[in-house]
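The values are calculated or read from the model by the stated rules, or taken from the named source; none is laboratory data. Just so we're clear, the structure is a prediction, and the values are computed from it rather than from any experiment. All Cβ positions, even for glycine, are placed from backbone atoms using ideal geometry, and neighbour counts span all protein chains on display. The area values use the complete protein model at the heavy-atom level, side chains included, leaving out ligands, DNA and RNA. Shrake-Rupley method; radii C 1.70, N 1.55, O 1.52, S 1.80 Å.
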Amino acid sequence: MGELLLCKEPIAAMPYYIEGISWNVYSLEELCYYVEHNTYLLEKDFMTEELCTWIGKEMKNSKLAERLRDIMRMDGRLSEFVLAILTDCGYCPRESMKEIIRILREMEEKSDFECNKVRADRLMEKEKYLSSIYEYKNLLESSEAGEQSKELIGAIWHNLGTAYARLFLFGEAKHCYEKAYRLNRHMESLKEYMMSMHCMHDESGLEAAIVKYQIGEDVLNGIRHELAHAR
């Protein structure tokens, strides 16, 4: 993980496997570390009988395991489930714990579509570009996409383009940025569309876009400046 964690709780003989990020945790401290650094990626499927069994058996903490089972039986919220773990372990400082719970409660008030976009954005911020591409494409292909605003769908196309561009897939990025601009009319999407064509050395496409979208000299100068800086 790149950090040394001081564990006061027992160390498990058998780790708990977190499938989403292919990560084994061996202690409650490591579990809390995962929660703290991946709060936006947590979903209700984090609440499982397997986790309760692991905490009871491997962590020798039957009291916490039963508390978590009670929350699940009462159809409790994810924020309540996570708070029980954080409070029992005591790994996170009070302010960090409050922020984690605030984020989870805020996410609980959002629609599934909005939550999934936030998670996709977080994956990209963590440089998990292939995973973020998968999530963005799922959002765009979902039945809920047609119910969203042009602004939101345009933002998803823009971010999908950025994920492709980070992988140097400029042809795919160009397509995404153009879709984004048609929906949101944001200058940033248009600039990234032009930048993608520059990176592809697509001079004819660039000239056609200048005419098509009536791009002024000030925008072109801004793109040239950014390209020079990037180089």
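Brief remarks follow.
- DSSP H segments from the chain that extend 15 Å or more along their own axis, Cα-based, with Kyte-Doolittle mean of -1.0 or above: 62-73, 78-89, 94-108, 112-125, 129-141, 150-166, 187-200, 217-230
- Maximal additional length on extending the residue 50-residue 14 stretch stands at 11.7 nm, based on 0.36 nm per residue less the C-alpha distance.
- With all protein chains in place and a 1.4 Å probe, the accessible surface of the chain carries 50 percent carbon and sulfur.
- Proximal charge balance of residue 19 [Cβ under 13 Å; K/R count +1, D/E count -1]: -3
- On the beta carbon distance between residue 167 and residue 207, with R0 = 25 Å, the FRET formula returns roughly 0.40.
- Net charge of neighbours whose Cβ lies under 15 Å from the Cβ of residue 102, counting Lys and Arg as +1 and Asp and Glu as -1: -2
- Segment 1-113: Lys pairs at Cα distance under 27 angstrom, eight or more positions apart or on different chains: 12
- Mean accessible surface per residue for the chain, computed with a 1.4 Å probe while every protein chain stays in place, in Å²: 57
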